[in-house]
Amino acid sequence: MEALSYLIAAVPLDAAEQKTANAAIGAGFAYGLAAIGPGIGIGYVVGKAIEAMARQPEAAGMVRTTMFLGIAFTEALALIGFVVFILLGL
Amino acid sequence: MSESAAPLVNRIEGPAPEVSVSNDMVRRGLFVAPVLIAVCGVIWGLDGALSSAYAIALVLVNFALAAGLMATTARISLALMMGAVLVGYVIRLALIFLAVYVVKDAGWISLPALGATIIVTHLGLLVWEMKYVSMSLTYPGLKPTRQTTATN
């Protein structure tokens, strides 16, 4: 951390560069944080769906259909984060 | 083998419903693509129209990849399917990032049009498909079949 602060202090940035750097950092955080939630959600959806299929294999078709839709809806959150990322700082 | 270990070796045979869901969404996506491209063309010009077409292609390929991965791995084992879905999520996000990164400096790209089309197409197709799936599950007797379609 101390080394990082020395590095930052050693490279002075003007206002425009600082703004660009802040936008890039913010965009990176936005994308990264937006991908964490859907990752947890997809893991939960698939885990529960597999549990359901193992308990009741005759319902596997219905479970897989709803699981696929659930995964795609959850993934939409990550895509929204990605769009924010590309609009902010790609 | 104990019941708790069953998902490790269980596999699902038969037709893959996610592939038919994905095919439905791709068909509908191609159906509405001209409208979305035209709207983006009106708002953002030719760049917007081209970006919109690129975004629609990205979303449809993403759906097809997800469904194909799930259908393939479900025939091997449920545990592999879970792993493939989770790893596939990361890989597909990376592929989308790469696909956008490659064209971000192209002369024809309009990032607002690209982003808006990705979100609208993804959510719109999902809601459309969910409506169809929920109706089919609630009223299976009303589900249109090839035979009834032909007689009408």
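Which residue pairs have Cβ atoms under 8 Å apart, sit 6 or more places apart or on different chains, and have a first residue in the stretch B:42-60 that is at positive phi and a second that is open to solvent by less than 20 Å² (accessible area, probe 1.4 Å)?
B:45/B:110
Since residue B:75 meets every condition but one in (1) within 22 Å of residue B:126 (Cβ to Cβ); (2) open to solvent by 20 Å² or more (accessible area, probe 1.4 Å), which condition does it not meet?
If we test residue B:75 against (1) within 22 Å of residue B:126 (Cβ to Cβ); (2) open to solvent by 20 Å² or more (accessible area, probe 1.4 Å), just (1) comes out false.
Matching residues to (1) closer than 24 Å to residue B:64 by Cα; (2) at the interface with chain B (Cβ under 7 Å from one of its Cβ atoms); (3) of a type in the set (Val, Ile, Thr):
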position: A:45; (1), (2), (3): yes, no, yes
position: A:58; (1), (2), (3): no, no, no
position: A:62; (1), (2), (3): yes, yes, no
position: A:78; (1), (2), (3): yes, yes, no
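Would you confirm, using the coordinates I've provided, whether residue A:33 is over 25 Å from residue B:70 (Cβ atoms), open to solvent by 20 Å² or more (accessible area, probe 1.4 Å), modelled with pLDDT of 85 or more and more than 12 Å from every other protein chain (Cβ to nearest Cβ)?
Details: over 25 Å from residue B:70 (Cβ atoms): yes; open to solvent by 20 Å² or more (accessible area, probe 1.4 Å): yes; modelled with pLDDT of 85 or more: yes; more than 12 Å from every other protein chain (Cβ to nearest Cβ): yes.
Spelling it out, residue A:33 is indeed over 25 Å from residue B:70 (Cβ atoms), open to solvent by 20 Å² or more (accessible area, probe 1.4 Å), modelled with pLDDT of 85 or more and more than 12 Å from every other protein chain (Cβ to nearest Cβ).
If you go through the stretch B:77-94 one residue at a time, do you hit one that is more than 23 Å from residue A:81 (Cβ to Cβ) and outside any helix (DSSP H, G or I)?
Checked the stretch B:77-94: at least one residue is more than 23 Å from residue A:81 (Cβ to Cβ) and outside any helix (DSSP H, G or I).
Read through the list (1) more than 9 Å from chain A (Cβ to nearest Cβ); (2) of a type in the set (Asp, Glu); (3) in contact with a helix residue (DSSP H, G or I) (Cβ under 8 Å, 6 or more places away or on another chain), then give the number of the only condition that residue B:129 fails.
With (1) more than 9 Å from chain A (Cβ to nearest Cβ); (2) of a type in the set (Asp, Glu); (3) in contact with a helix residue (DSSP H, G or I) (Cβ under 8 Å, 6 or more places away or on another chain) applied to residue B:129, the lone miss is (1).
Got at least one residue in the stretch A:61-69 being open to solvent by 40 Å² or more (accessible area, probe 1.4 Å), within 25 Å of residue B:68 (Cβ to Cβ) and of a type in the set (A, V, I, L, M, F, W, C)?
Yes, the stretch A:61-69 has at least one match.
Any idea which residue in the stretch B:29-51 is farthest from the other protein chains (Cβ to nearest Cβ), counting only those that are under 16 Å from the mean Cα position of the chain (by Cα) and open to solvent by less than 30 Å² (accessible area, probe 1.4 Å)?
To start, the set of residues in the stretch B:29-51 that are under 16 Å from the mean Cα position of the chain (by Cα) comprises B:29-33.
Keeping just the survivors that are open to solvent by less than 30 Å² (accessible area, probe 1.4 Å) gives B:29, B:33.
On the way: B:29: 12, B:33: 18 Å.
Applying the filter and picking the extreme gives B:33.
Search the stretch A:44-56 for residues being part of a helix (DSSP H, G or I) and surrounded by fewer than 16 Cβ atoms within 10 Å (Cβ to Cβ), and hand back the single one that is nearest to the chain's Cα centre (by Cα). Outline the logic, then answer.
Residues of the stretch A:44-56 that are part of a helix (DSSP H, G or I), as a first pass: A:44-55.
Narrowing further to those that are surrounded by fewer than 16 Cβ atoms within 10 Å (Cβ to Cβ): A:44, A:47-48, A:51, A:55.
Numbers: A:44: 15, A:47: 19, A:48: 21, A:51: 25, A:55: 31 Å.
Filtering first and then ranking leaves A:44.
Give me the pairs, please: first residue somewhere in the stretch A:58-75 and at pLDDT 90 or above, second residue anywhere and hydroxyl-bearing (Ser, Thr, Tyr) and not in a helix (DSSP H, G or I), beta-carbon distance under 7 Å, and either six or more positions apart or on two chains.
none
Quick one: is residue B:99 within 13 Å of chain A (Cβ to nearest Cβ), open to solvent by less than 80 Å² (accessible area, probe 1.4 Å) and assigned to a helix (DSSP H, G or I)? Break it down into steps so the answer makes sense when it comes.
Details: within 13 Å of chain A (Cβ to nearest Cβ): yes; open to solvent by less than 80 Å² (accessible area, probe 1.4 Å): yes; assigned to a helix (DSSP H, G or I): yes.
Yes; evaluated as a whole, the condition is true for this residue.
The values are calculated or read from the model by the stated rules, or taken from the named source; none is laboratory data. Please read these numbers as outputs of a predicted model, since none were measured by experiment. No Cβ is skipped: glycine too gets one built from the backbone with ideal geometry, and neighbour counts run over all protein chains shown. The protein model used for the area step is the full one, side chains on, heavy atoms only, and it has no ligands, DNA or RNA in it. Shrake-Rupley method; radii C 1.70, N 1.55, O 1.52, S 1.80 Å.
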